[in-house]
Amino acid sequence: MSELAKAPGGAPPAPRSRLRLPRRRALSIAAGVLFAVALAGAALHAWTRAPRLDTRHHGEVLGWLRELKALDARWDVEALRGRIEFAPDARPSADTGAEVKRLRDAIAAAAVHAPDPQLKRGLEALVLALARKADLVEKFRNANTVTRHALARVLAAETETAGLVRGSWAEFKDRERLVAVESTVAHLLAEAQRYYHSAADSHRRGVEATAGDLRAAAGALPPALKEGLGRLDANVQQLLGAKPIEEALYEKLAVTTAGPRVDGMSAAYSAALSARLAERELRRAYLTAVLAAVLVGIAWLALRLAAGHRDRRRAAAELERRSAASEREIAAAHERLREVEAQLVQTEKLSTLGRMVAGIAHEVATPLAYVKGGLETVRGRLPAIARVLAETDKLVALIKGGAEPAALARQLAVVQAHAAEIEQRQVLGEMQRVVNDGHYGIDRISDIVASLRNFARADRGRMASFDLNEGLQSTLAIARHELKRHVVERHYGEIPPINCSPSQINQVLLNLVNNAARSIESGRGTIRLTTRREDEGHVAVEIEDNGRGIPPDVLPRIFDAFFTTRGDAEGTGLGLSISRRIVEEHGGRITVDSAVGIGTKFRVVLPVNPPAAGALAA
């Protein structure tokens, strides 16, 4: 420092300066070399530690999971078709035992080599679920075969009974009893078909009552006919015993599905593979990146000073540009958010409808059974009517040809005999009843389709006059399958039509009715629907159930978006959140009262004339 002080102007002496500059440059070069060597060593270490991946094995595991999902879907479709379709001569389903064993063994082997413990546990649980599902499918197939064959034998009794009645016609004097027995058999066959397609308690009671009437009447009949009725009764009892077993197995099969579990495992396996591939590529790229970083660092040091002034000049302009761009992005994001929200509402609505497709299919299958059974009965009666018409044509031809009186008398006797047979068998009355049943079935299907169309339409912002009582009836038709185990009490009051978006209000009603049905965990519950006039400008709808109730710590959160107490496969947590938004946009309010173990009551109050239509978000 003394030598620096002696130099004129405070500058260091030239000799000392020339000695310091090379030393600093050497130190800088040495430091850079050491830094580069260190980075190269780290990159080499990362390269050697890169994990080895067997991508072929991962692809095989994903292929097995896809095969398992397809097999699970085929099982579900087979079970559904077995319940709603009747084919007495249907071949048994192909044996999938070898396929199930192959998939089970393959997935079990994959679990041993799973990349992490969580995937291993998931694959082991998937193997157990596959075994349970395969066992249920096999049991359901056996039960469905027994039920289908029992119904086929019951239906075959119609022809046998008709032959036995004709064989007893000449010897048995009480012919009215024979006619009554044949009519009762036909009624029993129709009741048995209804019970096969819809195993409701009312249909079972109908079969049992009709079978009891036949047993009571069989004692006074000829022995051959009595034995035939005994065989029919045995087949009916077999049907009554087999159908509940099939229904119980189907209920278990409906809730035992591997699809969501397979999707989750596929996603987890793919994610694990992607993560390991990314890690390997990252390690391999590390050396190149480090070397490039050394070169970029040197260049950066050289250019940093020159670019500093230019960067400061551009900073102000860049800040202003980013501010304007941010404002535009915020506006665009807000618009996209509105679009996504509208799509989310419609998606939740269609998701709710999709979960009830199986129930709607079941509801359509029952009236279709009426129509199909009626057509079969009509087809069986047409030959008798055709014979009468043919013999009548012969009689007319004899009359026109001037035949002898004896020939005319013989032909007239034939026509009268056929006509008497039709009258005794009450063919025309039976066909009228069949036509009435078919008409009822078609009307029922039309009601279901109309309710489905009214609910699923997407004109969410359109305002129209709407009757809440009719809306509730449409909602009950859509949710019939969810409500079939429960008693629905309707207390509709005298209320005026309201001006609203019918599609949106229908969605609110369906969400609340479905929640009420699912809150009743077991047994036969009660759901009470009440409408009343709240005041001059408002109407109220109450949906009350006697289910499990909502705990006090959960009650404040039920209207939060994506909050649900059910699993991911059963709900999205959007139903009540969307319902509250729809009600509030109509100028109404929704409240809830609940007690654990007693039940829950939702109350919706809507104005007769809501805010302007433009205030309703689509």
Practice problem: Please work out the FRET efficiency for the pair R336 and A267, using the Cβ-Cβ distance as r and a Förster radius of 41 Å; give the result to the nearest 0.05. | Solution: 0.95
Exercise. Return the subset of K101/K133; K69/K484; K139/K484; K173/K394; K139/K243 for which the Cα-Cα distance in this structure is over 21 Å, preserving the input order.
Key: K69/K484; K139/K484; K173/K394
Quiz item: Along the Cα-to-Cβ line of A234, 7 Å from the Cα, sits a label point; which residues in the stretch 168-207 have backbone N less than 12 Å from it?
Solution: none
Quiz item: Taking square-rooted eigenvalues a ≥ b ≥ c of the alpha carbon gyration tensor, is the stretch 142-278 rounded, prolate or oblate, where a/c under 1.5 means rounded and, failing that, a/b exceeding b/c means prolate?
Solution: prolate
Quiz item: Taking the stretch 489-537, which trypsin sites (Lys or Arg not before Pro) meet the DSSP loop condition and have no more than 12 other C-beta atoms within 10 Å?
Solution: R524
Quiz item: How big is the accessible area of H334 in square angstrom, nearest 10, if you roll a 1.4 angstrom probe over the protein chains?
Solution: 110
Quiz item: Over the Cα atoms of the stretch 508-558, Rg to Rh with Kirkwood Rh, two decimal places?
Solution: 1.05
Quiz prompt | Label-point separation in nm, I422 to A409, each point 7 Å along Cα→Cβ | solution = 2.5
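The values are calculated or read from the model by the stated rules, or taken from the named source; none is laboratory data. As the structure is a computational prediction, the values presented were derived from the model and not from experiment. Every residue, glycine among them, receives a Cβ derived from its backbone with ideal geometry; neighbour counts consider all protein chains shown. Please note that ligands, DNA and RNA were not included when accessible areas were found on the heavy atoms of the full protein model with its side chains. Shrake-Rupley method; radii C 1.70, N 1.55, O 1.52, S 1.80 Å.
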